[in-house]
Amino acid sequence: MSVEMRTEPPPQRVSAYLRQLTSQTRSRLLAEIERLKMCGDDTPGFDVILSELRTEFGKTGQNGRPANPSPFFFHPLEPLLVDRAPESISAGQISRGSLSPVWEWISLNLLPTMARDYSHNMKRMIAANNQHEIGKIATAFQTKVVKYLESTLAADGGIDRIRAGLAMYTSSPAVFHDLTKMVCVLGARDALAELHEALPAKINRLEGKELAKVQALLDAFAAKHVDALPFALTIVTNHLKTPWQLIHLAPKPTKGKDGGEAAATPFAAAAGMVLHQIDDKRVMLRGILKNKRVLVAKEILAEIDDTERALRARADLLGASDNRQRLDDLIAAVDALINTEVQSLPGNLHHVLGTRGGRGNSLTGRLTSALSGGAAYCKKLLSHTD
C-alpha cells in the first residue's frame, strides 16, 4: 500500500476555497492559523492559506483597495509585539496573533457603530495620505476603546462578558490577558513613546552613566504608570545591544531599617523577562537546527550561555519566586533540543562539529564525537568550532 505524502495544496485551490467564505470567517481563520503556527503547528497548507489571507488583511492589498484601518489602531503596540502564542510570552510582550480576534470583537461586538465610523473615516484619510488626520482619528478611537474597556473590566461580571465575547473569535483563553495588556499600553501610549525617544538609539553596555540615565527615565515613568512598567522594560530591551543586561536594572537587595531585607522593587520583574529571552532563543534554535544552519545555532547557543551565566551570578534574582527552577528547566530543554537535533545533522557538517584537539581528524571521528557525547558535549562542540 502506498503512503500518501502530505504536501501543500495548489494555491489556486486555496484561493477558490477562501472565496467561498465570508470576510469575517476569513479574518477568524487568519487569526487561528497564526496562533497555531506560533504554537508550533506546521500542518501542510497553512503557509499557502496565510499568504492569501495576509495579502487580503494586510496594510495594503494588491487589488487597489484601501488599507485596513486596524493596524493604525494597534500602532502603539508595535514595539511590544512578538510572533509567539500569548500563552508563552513575558509580561511586557503582546502576541501579534491576538490582534485579529481582538479587533474583530471590538468592531463587531464591543463598539460596532464607533468602529464602523472609525473605519470609514480612516479609509478616507488613508486614500488621501493625510498622516496628520490618520494619527488624530486613531488616537481618538484608542482613547474611547480604552475608557470603555476599563469601565467594563471594573464592572460586576465584566470580565466574564469579555471572555465570552472573545471566545467567539478565538479558541485561546490567553487572548484575554493580551487584551488587558493592550488596555494598559494604550493608556500609557504617550509616556511609552516619550521613553523610547529619550533612550539612546543603541545601548552598548548598560552600566555606569548609561545605567543611571536609563534608571532615572524608568523611575520617572513608574511614578506615573507603574502598571505599564513591564512594557517600559521591553522598550529598554529593544535598545540594548546585549538584551540580558536588562537585569542590571534590578538592584541587589539591601537591608531595611529593621535589619531584614528591603522589599523587592518593581524592576525585579526584569529577571523573569530575561528568562523569557532564553525561551525565545530556544524556540528560534529549534527552527534553525531543523534547517541545518549550525553556524547560526552556535551563535544562539553562545547567547544562551552568556544569559545563563549572568542570571546565575545574581543569586538574589534566582532566589525570587521560582526563577531558579525556571532557569534549570529552560537549560534542560535547550540541552534536550540539541541532543535530538544534532543527531539529524548530515555528515557534510563535520567541519562545523569538529573541535580543536578533538578525537582525531576523520569525518567519522568528529561526527561520532558529536553524536555520542550527549547534549552537554554537543553543546560544547557547537560553541567551540574551528
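Would you please name the residue that is surrounded by the most Cβ atoms within 10 Å (Cβ to Cβ), looking only at residues in segment 324-343 that are among the polar types (S, T, N, Q) and modelled with pLDDT under 90? Can you show your working first?
Taking segment 324-343 and keeping what is among the polar types (S, T, N, Q), we get 325, 339-340, 343.
If we keep only those that are modelled with pLDDT under 90 too, we end up with 339-340, 343.
Details: N339: 17, T340: 13, Q343: 11.
That would be N339.
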Notebook entry, point to check: When you look at K257, is it surrounded by fewer than 15 Cβ atoms within 10 Å (Cβ to Cβ), more than 24 Å from N339 (Cβ to Cβ) and modelled with pLDDT under 85, yes or no?
Noted result: yes
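Okay, residues lined up against (1) modelled with pLDDT under 90; (2) under 30 Å from F231 (Cα atoms); (3) not assigned by TED's automatic domain parsing to the domain that holds R84:
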{"residue": "V274", "(1), (2), (3)": "no, yes, yes"}
{"residue": "V294", "(1), (2), (3)": "yes, no, yes"}
{"residue": "D316", "(1), (2), (3)": "yes, yes, yes"}
{"residue": "S362", "(1), (2), (3)": "yes, no, yes"}
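Could you tell me whether L77 is assigned to a helix (DSSP H, G or I), touching a strand residue (DSSP E or B) at 6+ places or on another chain (Cβ under 8 Å) and buried (at least 16 other Cβ atoms within 10 Å of the Cβ)? Explain how you work it out, then say what you get.
On the way: assigned to a helix (DSSP H, G or I): yes; touching a strand residue (DSSP E or B) at 6+ places or on another chain (Cβ under 8 Å): yes; buried (at least 16 other Cβ atoms within 10 Å of the Cβ): yes.
So L77 passes the test.
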Check: Give me the pairs: first residue in segment 263-283 and more than 12 Å from E308 (Cβ to Cβ), second residue at pLDDT below 85 and of a type in the set (A, V, I, L, M, F, W, C), beta-carbon distance under 8 Å, and six or more apart or on different chains, which are they?
Finding: A264/A320; A268/A320; A271/A320
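Yes/no per residue for (1) small (G, A, S); (2) under 19 Å from I235 (Cα atoms); (3) in contact (Cβ under 8 Å) with a residue 60 or more places away in the chain:
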{"residue": "L80", "(1), (2), (3)": "no, yes, yes"}
{"residue": "D83", "(1), (2), (3)": "no, yes, no"}
{"residue": "P86", "(1), (2), (3)": "no, yes, yes"}
{"residue": "A91", "(1), (2), (3)": "yes, yes, yes"}
{"residue": "I94", "(1), (2), (3)": "no, yes, yes"}
{"residue": "S98", "(1), (2), (3)": "yes, no, yes"}
{"residue": "L108", "(1), (2), (3)": "no, no, yes"}
{"residue": "P112", "(1), (2), (3)": "no, no, no"}
{"residue": "R116", "(1), (2), (3)": "no, no, no"}
Note to self: On the basis of being at pLDDT below 95 and hydroxyl-bearing (S, T, Y), does T242 make the cut?
What the structure shows: no
Next item on the list: Could you check A91 against (1) surrounded by fewer than 21 Cβ atoms within 10 Å (Cβ to Cβ); (2) at pLDDT below 95; (3) aliphatic (A, V, I, L, M); (4) out of contact with any His (no Cβ under 9 Å at 6 or more places or on another chain) and say which number it fails?
Entry: (4)
Notebook entry, point to check: Out of curiosity, is T265 of a type in the set (V, I, T) and either surrounded by fewer than 16 Cβ atoms within 10 Å (Cβ to Cβ) or modelled with pLDDT under 95 (or both)?
Noted result: yes
Next item on the list: Can you tell me which residue within segment 200-241, out of those that are surrounded by 16 or more Cβ atoms within 10 Å (Cβ to Cβ) and among the β-branched types (V, I, T), is farthest from M182 (Cα to Cα)?
Entry: I203
Note to self: Looking for something hydroxyl-bearing (S, T, Y), modelled with pLDDT under 95, in contact with a helix residue (DSSP H, G or I) (Cβ under 7 Å, 6 or more places away or on another chain) and on the phi < 0 side of the Ramachandran plot - is there at least one such residue anywhere in segment 139-153?
What the structure shows: no
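Conditions (1) outside the structural domain of V146 (by TED's automatic domain parsing); (2) within 19 Å of the chain's Cα centre (by Cα); (3) free of Cβ contacts under 8 Å to residues at least 12 places away in the same chain, marked per residue:
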{"site": "R163", "(1), (2), (3)": "no, no, no"}
{"site": "T170", "(1), (2), (3)": "no, yes, no"}
{"site": "A174", "(1), (2), (3)": "no, yes, no"}
{"site": "D178", "(1), (2), (3)": "no, yes, no"}
{"site": "K181", "(1), (2), (3)": "no, yes, no"}
{"site": "A198", "(1), (2), (3)": "yes, no, no"}
{"site": "A201", "(1), (2), (3)": "yes, no, no"}
{"site": "N204", "(1), (2), (3)": "yes, no, no"}
{"site": "E207", "(1), (2), (3)": "yes, no, no"}
Next item on the list: Could you look through segment 97-125, keep only residues that are crowded, with 22+ Cβ neighbours inside 10 Å and either of a type in the set (V, I, T) or closer than 28 Å to F267 by Cβ (or both), and pick out the one that is modelled with the lowest pLDDT?
Entry: S98
Next item on the list: Please find, among G45, G58, G40, the residue that is at pLDDT 70 or above, of a type outside the set (D, E, K, R) and either surrounded by fewer than 17 Cβ atoms within 10 Å (Cβ to Cβ) or on the phi > 0 side of the Ramachandran plot (or both).
Entry: G45
Check: Given (1) part of a helix (DSSP H, G or I); (2) under 20 Å from S98 (Cα atoms), where does S171 come up short, assuming only one miss?
Finding: (1)
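The values are calculated or read from the model by the stated rules, or taken from the named source; none is laboratory data. Since the structure is predicted, the reported quantities are computational estimates derived from the model, not experimental observations. Counting neighbours? That spans all protein chains shown, and the Cβs are built from the backbone with ideal geometry, glycine included.
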